[in-house]
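Please treat every number below as a calculation from the coordinates, not as lab data. Only a predicted model underlies this, so the values are computations on that prediction, with no experimental measurement involved. Glycine gets a Cβ as well: all are built from the backbone with ideal geometry, and neighbour counts include every protein chain shown.
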Amino acid sequence: FYDQEIKNPIIHKSKILNYDFLLENECLTLIEDDYYCLSKDLEDIKALFYDQEIKKLTKELEIQDVNLEIKNFISKLNKYNELKDIGQAMIGKIADLKGITIKEANEIFEIKEEY
């Protein structure tokens, strides 16, 4: 069945995922006896859902400023990559001085290659 005005499928509440969320946020219209259709655009519902999820996660993780948290993460990731590059360069230099391959140097230092 379809709601002729909205062109959304009419579905029994037992088949609706996140029913409580949709009902609490007035995203459902009751048609009759536990049958509903969406009363908001699907993209708007997704945006609302993800916005609430982000708020919930930032509270759980005690994040004060999401943008600052992202900048800090990127900064730490850049530092990690710089240090990893330096380490790989050192392994390469050691391999060159010993006349062995980088793979052999990694085995000597028990470094597992990641791909």
In vacuo Debye sum over C-alpha of segment 11-60, base-10 log of normalised intensity I(q)/I(0) at q = 0.32 Å⁻¹, listed in q order, is -1.24
Of the listed links 55/79; 56/112; 13/46; 13/40; 15/40; 79/112, those spanning more than 26 angstrom between alpha carbons are 55/79; 56/112
Stretched fully, the stretch from residue 25 through residue 104 gains (0.36 nm per residue minus C-alpha distance, one decimal, in nm) 22.4 nm
With segment 66-108 reduced to its Cα atoms and the Debye formula applied, log10 I(q)/I(0) at q = 0.29 1/Å amounts to -0.89
Dividing the surface of the Cα convex hull of the chain by four yields a projected area in nm² of 12.7
Assertion target for 14, 39, ordered by fewest C-beta neighbours within 10 angstrom first, is 14, 39
Contour minus Cα-Cα span, residue 54 to residue 113, at 0.36 nm per residue, comes to 17.7 nm
